[in-house]
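Shown next, in structure tokens, is the structure this report addresses.
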Amino acid sequence: MSIAATDFSISTSGDLRSVAGTSVYSVLDLHAWLQSLAGNPNVTADDNVSILGAVPSELAGKRNTLRPSALTLLNGINIDDLTSQRFNFGSIEQGSGAELYTGINTIGSGLTGRSHYVVQNGAKYNSGTKWWPAGPIRALFKVKTAGALINSGIVTVLSREWGYAFSHFDVDCSAGSEQVAALSVSADGNISRLVGNYTGGANTVTSTTPAGVVTLNFGTVTKTLGNVTKQYKGTISWTGALRLTEVYQALQWACHENSTATLNGKAGWQYRKLDAAYNDIQEAPFGKLSGGKFFVAQGWWIDVNSLNSADLQAYQLISDDGTPVVPPNVISVSAGNLLATDYILIGKDNGSGGFSTTTGITGTGSASSTTLTLSGAPAGDVATGAGYIRIANNPHTYTGISGTTVSGLSPAIPSGGYSAAAVWFPYIDKQTSQTSESSGTFNYVADFTARVRVRNGGASPIVPFETTFPVTVTGGSVNAIRNADV
Amino acid sequence: MANAVFAPMNSSYANALSVPSTRGPFTVGGGVAVSNGRLPTDSIGNFALTLTNLVVGSAISVEAYSTGQQLFFGIAASATQLINLGVYQSGDPKNDLRIKIRQGSTAPYYKPYETRQMATIGSASLYIEQQLD
């Protein structure tokens, strides 16, 4: 397309400026126009280029409308940033190489009509004001000034439109000409909320519906999940018992194009990953949601206390060292056909007709205390929530185990206390008042054989019932056989 | 500045001869003015510059190299173009010529071509090898 002479002016000092119109011309169009002016006997109107002056421009290679043009403006001819927006399909160098505007062309699937933005040196190019229409885009960007490349000539093109999977591409523009940014955008079926459902804060995203606040804490933590203890570099927590599908959307919002959230002190729209050494997850920087499971990005720990009870296993983590960590398979054991006043004891079978009571762990605690200190961490398939413990063969319940500390003992430690007393962990150890009992939940580690003992020598005595049953990945259950002891 | 006026002494010269004051001093022979003198800036001869192998339609500009003063401008109507120029006293910037050939307005386009030539009394021929842009 031939340049309309009235669109631009060229001052006597060589300043080529956009003065009218909005048409975007190719770099080759600019060269052709300048060369045409350069053959004029005298300057015309406000375009101070003629044969009397020096050559205004030079093209690398021959004119070819099918390929990008690398143009050098010569002898003082120069454009400014605003004028650069009037050209594409090539690059423009000026000031004896001190300044360079390089073209970027986005290619890939799903780009038509999708919003693109460009980040350079940690800021949106042109302060976020875009002169290009929706994608795919083709425009020039200044990548060198005062003789120095800006950010080594690297420009990042992003497409992070709400409702669509994200994509970005780091473009090395240092060589000039036109460089390609390969993007891939598609609708994100996991986005169901409207963009206005969220507000951003410092490391937070607040969801209106359902109500909840997702908070990001940046900092190294060491956490254990399913017996796998690993280091993580950040923690995601939330309120409102939000489902992971909601948490995912809030996190996508936090880093979408118009996010107002700041993440670790930087604008959310430029967040890519927790650590430079990690791989990008372009579609979803905090992790992808697939098949109802949240595959959390590397380095992020999820605060398990924030989890909705329906999502206890609907996620997977990747620790700082790159190890996939899955939540444990939580199981329980249960017994049925019981009657009130039955005493039921379920524990691991020792393989020789009794309970496996040898754990190699001892417990120490003061009299009247409800806290016991273990000599070592219990096995992975011991309930860390509410459960049962035998200390020196005395039955107690507890409310939780953290590390080597057993808390909430009931009854409290008897007089004399415990000093390196042998401990083991039955799954059920109580006199029931119901027709069935279930253990507290515990992590599945491996199949094992459990032993159950049900006794009732009271008003409705039964022959003591004792048997073994398998505990597998789905847990285990047994029904007592009640033979009257008459 | 007013022109100098020579007043004829011979009655046969009925009219006064007006001579521009920018001319050099003139000589007088037997009371009759017979010639005009030259200024140092006047040409001392002619230089016939022939450009060959021109792309028809190219713009041609011949300028003084150091001052940019345009001495000739034209459009090549044929592959050969004769340009008559003056030759000046030694040291005159108009003897050192910059020759510009440009063809960027209509296809096929050519890169700007530029060369340099000293003007001397007589003639010279330059073979112009423009390259496609």
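The values are calculated or read from the model by the stated rules, or taken from the named source; none is laboratory data. Computed from a predicted structure; not experimentally measured. Virtual Cβ from ideal backbone geometry, glycine too; neighbours counted across all protein chains shown. Just so you know, the surface numbers come from the protein's heavy atoms only, side chains and all, with ligands and any DNA or RNA stripped out. Shrake-Rupley method; radii C 1.70, N 1.55, O 1.52, S 1.80 Å.
Give me the orientation-averaged projected area of the Cα convex hull of the range A:300-452, in nm², one decimal.
Averaged projected area of the range A:300-452's Cα convex hull equals 10.9 nm².
Restricting the count to DSSP beta bridges whose residues both fall in the range A:14-111, what percent are antiparallel, rounded to a multiple of 5? Provide the component values of the computation, followed by the final result.
Details: 7 of 14 bridges.
Among the beta bridges of the range A:14-111, antiparallel pairing accounts for roughly 50 percent.
Summing -39500 (n - 2.57) over the DSSP H runs of n ≥ 4 in chain A and dividing by its residue number, what mean residue ellipticity at 222 nm do you reach, to the nearest 500 deg cm²/dmol?
Working: 3 runs with 27 residues, N = 486.
Taking each H run of at least 4 residues, the total per residue is -1500 deg cm²/dmol.
If a paramagnetic tag sat 7 Å from the Cα of B:Ser123 along the Cα-Cβ line, which residues of the range B:79-103 would have the backbone N under 18 Å from that point?
Only B:79-87 pass the distance filter.
Average projected area of the Cα convex hull of the range A:64-161, in nm²?
6.8
Tell me, what ³J(HN,Hα) does each residue in the range A:99-105 have, in order and in whole Hz, if you take phi through Karplus 6.51 cos²θ - 1.76 cosθ + 1.60 with θ = phi - 60° and put x for Gly and Pro?
Once rounded to whole Hz, the list reads 10, 9, 10, 10, x, 10, 10.
Provide a whole-number value for the mean count of partner chain Cβ atoms within 10 Å of the Cβ atoms in peptide A:38-46.
For peptide A:38-46, the averaged partner shielding equals 4.
Check cross-link reach from A:Lys266 to the lysines: straight Cα distance under 20 Å, and skip same-chain residues fewer than eight apart.
A:Lys124, A:Lys233
What value does the range A:1-116 have for Rg/Rh, both radii from Cα atoms and Rh as Kirkwood defines it?
Ratio of gyration radius to Kirkwood radius for the range A:1-116: 0.99.
How tilted is helix A:27-38 with respect to the longest principal axis of chain A? Cα atoms for both, answer in degrees (0 to 90, nearest 10).
Once rounded, one gets 20 degrees.
Give me a comma-separated list of calculated 3J(HN,Hα) values for the range A:425-434, in order, Karplus coefficients 6.51, -1.76, 1.60 applied at θ = phi - 60°, integers in Hz, x for any Gly or Pro.
10, x, 8, 9, 7, 6, 8, 8, 10, 10
What percent antiparallel are the DSSP beta bridges of the protein assembly as shown, to the nearest 5?
Of those bridges, close to 80 percent are antiparallel.
Computed over the Cα atoms of the protein assembly as shown, what is the convex hull's projected area averaged over all directions, in nm²? Can you show the working numbers first?
Details: hull surface 184.9 nm².
Its Cα hull, projected and averaged over all orientations, spans 46.2 nm².
Mind checking the angle between helix A:244-254 and chain A's longest principal axis? C-alpha axes, 0 to 90 degrees, to the nearest 10.
For helix A:244-254, the angle is close to 30 degrees.
Would you mind giving the total buried accessible surface between chains B and A, with a 1.4 Å probe and ligands, DNA and RNA left out, rounded to the nearest 100 Å²?
1300
Long-range amide H contacts for A:Ala70: which residues qualify at under 5 Å (H placed 1.01 Å from N, peptide plane, sequence gap of 5 or more or a different chain)?
A:Ala60, A:Ser91
Need one value: the accessible area of B:Asp92 in square angstrom, 1.4 angstrom probe, rounded to the nearest 10.
Surface accessible to solvent at B:Asp92 totals approximately 30 Å².
Among A:427-433, A:295-301, A:209-215, A:246-252, how do they line up from the highest to the lowest mean number of other beta-carbon atoms within 10 Å? Please report the intermediate quantities before stating the final value.
Details: A:427-433: 18.4, A:295-301: 22.4, A:209-215: 16.1, A:246-252: 25.7.
Packing order, densest peptide first, comes out as A:246-252, A:295-301, A:427-433, A:209-215.
From other protein chains only, count the Cβ atoms within 10 Å of every residue's Cβ in B:97-109, then give the mean.
Mean number of neighbouring Cβ atoms from other chains: 4.
Any idea what the relative contact order of chain A is, in percent, if you count C-alpha pairs under 8 Å spaced at least 6 apart?
Answer for chain A is 9 percent.
Could you give me the ³J(HN,Hα) list for the range A:56-62, computed from phi with Karplus coefficients 6.51, -1.76, 1.60 and θ = phi - 60°, whole Hz, x at Gly and Pro?
So the Karplus estimates, Gly and Pro as x, are x, 7, 9, 9, 7, x, 8 Hz.
Based on DSSP, what percent of beta bridges with both residues in the range A:262-370 are antiparallel, to the nearest 5? Working shown, then result.
Details: 9 of 11 bridges.
That works out to approximately 80 percent antiparallel.
For A:Asp275 and A:Asn479 in one chain, what is 0.36 nm times their gap in residues minus the Cα-Cα distance, to one decimal in nm?
On the way: separation 204, 0.36 × 204 = 73.44 nm, distance 5.25 nm.
So the chain would gain 68.2 nm between A:Asp275 and A:Asn479.
What order, most packed first, do the peptides A:149-161, A:28-40, A:225-237 have when packing is the mean number of other Cβ atoms within 10 Å of each residue?
Peptide ranking by packing, descending: A:28-40, A:149-161, A:225-237.
Counting alpha carbon pairs within less than 8 Å and at least 6 residues apart, what relative contact order, in whole percent, applies to the range A:164-318?
This gives 21 percent for the range A:164-318.
Tally up the carbon and sulfur contribution to the accessible surface of the protein assembly as shown as a whole percent, 1.4 Å probe, everything protein left in place.
After summing per-atom areas, the C and S share lands at 51 percent.
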